[in-house]
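Below is one structure; the comments refer to it alone.
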Amino acid sequence: MGTITTNDGVRLNYMEKGTGPPIVIVPGWNQTAALYGRQIDAFSKSYRVLALDLRGHGESEAPAHGYRMSRYAMDLRTLITEATDGDAHVLGHSMGCCVLWSYFDLFDGDRIDRAVFVDMATHPVFNPIFTAEQTADYGSIMPADDLFDVVNGLTNGAEGQIIPAMIEQMVTGSISADDKAWLLRENQRMSGPLSAREFFSDIFADWRDVPPRINRPSLYIAGEASFVPMAATKWAAEQTPGARFESIGGDEGGNHFMFIENSELFNRFVLDFLTEPTTETTTIKD
């Protein structure tokens, strides 16, 4: 376990294991670094793994401010700058993709070697002027009214109902009872009002202009049974120069938390990507 202090005075914890080139894991909405234990164990055989608890999550401090993607991107930059000696690979899951997109938007990929984006849409809120094709490409599936229902419910103490219902949509029926209970416990550690602020910044966003400007080797991974349309993850990959795309089938644990349900296949995708030669041109793979 390590700690850093951000430039606004917040102590952030990160889990650390292994030696070698650094790979930073950025969790999604409400998630903790502990949920990535299977990645930490697998990756640490060849890499130095740093799994970050974002502010308000897990073992990190929970200030009353800063629950937006630009602030998280700055916190990620602080971790890379202070806890590594050079460039780092970065893996973001769900909201962690938004943190990565914000990082590329702000810092042009500085100090990032390779990037992994797992199961996230570039424009999650439904826009009635979009065509059916645009809605599928951008992953614009959440009506604005539903967004505000979640935000207001979390703010007003309904997280005990909202979070379990949402987690239920993010796993397959084959997940073990123990894994599901563990996933829920970790997702319930963040307070409802802070979670609401984070959710708003996470979902009410438009990242469509960022993937074409990503200047690092990139991998996108989708869950075929995820609530995030696979077409949206693939579209983001197609907009990213030279990106690689992989997916995990619904009958293989390929929902939103595929890194828990099928960690073996997920880890293989990531490790294969990290070890492929940099001179090799990466392409979209079906």
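Couplings for the range 148-156, taken from phi via the Karplus curve 6.51 cos²θ - 1.76 cosθ + 1.60 with θ = phi - 60°, read 5, 4, 5, 4, 5, x, 5, 5, 9 Hz in order; Gly and Pro are left as x. Scaling the Cα radius of gyration of the range 148-187 by the globular reference 2.2 N^0.38 Å produces a ratio of 1.27.
So for the range 73-177, what are the equivalent ellipsoid semi-axes in whole Å, largest first, each being the square root of 5 times an eigenvalue of the Cα gyration tensor? It would help to have the intermediate numbers written out before the result.
Values: eigenvalues 172, 77, 46 Å².
In descending order the semi-axes read 29, 20, 15 Å.
Each Lys and Arg adds +1 at its Cβ and each Asp and Glu adds -1 at its Cβ; summed about the Cα centre, the range 179-286 shows a dipole of about 380 debye. Computed from phi, the 3J(HN,Hα) profile of the range 174-186 under the Karplus parametrisation 6.51, -1.76, 1.60 (θ = phi - 60°) reads 8, 5, 5, 4, 5, 5, 5, 5, 5, 4, 5, 4, 5 Hz, with x in place of Gly and Pro.
What number in nm² do you get for the range 231-273 if you take the convex hull of its Cα atoms and divide its surface by four?
Working: hull surface 12.5 nm².
In nm², the orientation-averaged hull projection of the range 231-273 is 3.1.
Remark: the range 89-130 projects, on average over all directions, an area of 3.4 nm² (convex hull of Cα atoms).
With N residues in the chain, what two-decimal value do you get for its Cα radius of gyration over 2.2 N^0.38 Å? Write out the running numbers ahead of the final one.
Working: Rg = 17.4 Å, N = 286, 2.2 N^0.38 = 18.9 Å.
Scaled against compact globular proteins, the figure is 0.92.
Using only side-chain charges placed at the Cβ, +1 for Lys and Arg and -1 for Asp and Glu, the dipole size of the chain relative to its Cα centre rounds to 540 debye.
Short-range pairs are left out: with C-alpha atoms under 8 Å and at least six residues apart, the relative contact order of the range 1-154 is 19 percent.
For the chain, with all protein chains present and a 1.4 Å probe, just round the carbon and sulfur fraction of the accessible area to a whole percent. It would help to have the intermediate numbers written out before the result.
Values: 5560 of 11270 Å².
Of the solvent-accessible surface of the chain, carbon and sulfur hold 49 percent.
Sequence-ordered 3J(HN,Hα) estimates for the range 55-66 from the Karplus curve with 6.51, -1.76 and 1.60 and θ = phi - 60° stand at 4, x, 10, x, 9, 7, 5, 10, x, 8, 9, x Hz, glycine and proline given as x. Please report the spacing between the Cα centers of the range 129-169 and the range 70-112 in Å, no decimals. The two parts, judged by their Cα centres, are 25 Å apart. Between Met190, Met142, Met69, the residue with the greatest mean-square fluctuation in the GNM of the chain (Cα pairs under 10 Å linked by springs) is Met142.
Which whole-number percentage describes the relative contact order of the chain, with Cα contacts under 8 Å and a sequence gap of 6 or more? Spell out each step's value before the answer.
Working: 599 pairs, mean separation 53.0, N = 286.
So the answer I get is 19 percent.
Taking amide H atoms as placed 1.01 Å from N in the peptide plane, the amide H of Gly109 lies under 5 Å from those of Phe104, each 5 or more residues away in sequence or on another chain.
If a/c stays under 1.5 just call it rounded; otherwise compare a/b with b/c (prolate if a/b is bigger, oblate if not). Do that for the range 164-251, with a ≥ b ≥ c from the square roots of the Cα gyration tensor eigenvalues.
Details: a/c = 2.60, a/b = 1.40, b/c = 1.85.
Verdict is oblate for the range 164-251.
Counting only DSSP H runs of at least 4 residues, each contributing -39500 (n - 2.57), and dividing by the residue count of the chain, the helix-based mean residue ellipticity at 222 nm comes to -12000 deg cm²/dmol.
With the whole protein complex present, Asp41 retains an accessible surface near 80 Å², based on a 1.4 Å probe. In this structure, the amide hydrogen of Leu91, modeled 1.01 Å from its nitrogen in the peptide plane, lies closer than 5 angstrom to those of Val24, Ile25, Val26, Val116, counting only residues at least 5 positions away or on a different chain. Compute the Rg/Rh shape ratio of the range 21-136: radius of gyration over Kirkwood radius, all on alpha-carbon atoms. Checking Rg against Rh, the ratio lands at 1.01. Taking amide H atoms as placed 1.01 Å from N in the peptide plane, the amide H of Lys17 lies under 5 Å from those of Val49, each 5 or more residues away in sequence or on another chain.
Which aspartates and glutamates, on any chain, are close to Lys234 with Cα under 12 Å apart, when same-chain ones fewer than 8 places away are left out? List returned: Asp119, Asp137, Glu224, Glu246, Asp286.
The values are calculated or read from the model by the stated rules, or taken from the named source; none is laboratory data. As the structure is a computational prediction, the values presented were derived from the model and not from experiment. Glycine also receives a Cβ, built like all others from the backbone with ideal geometry; neighbour counts cover every protein chain displayed. SASA here: full protein model, heavy atoms, side chains in, ligands and nucleic acids out. Shrake-Rupley method; radii C 1.70, N 1.55, O 1.52, S 1.80 Å.
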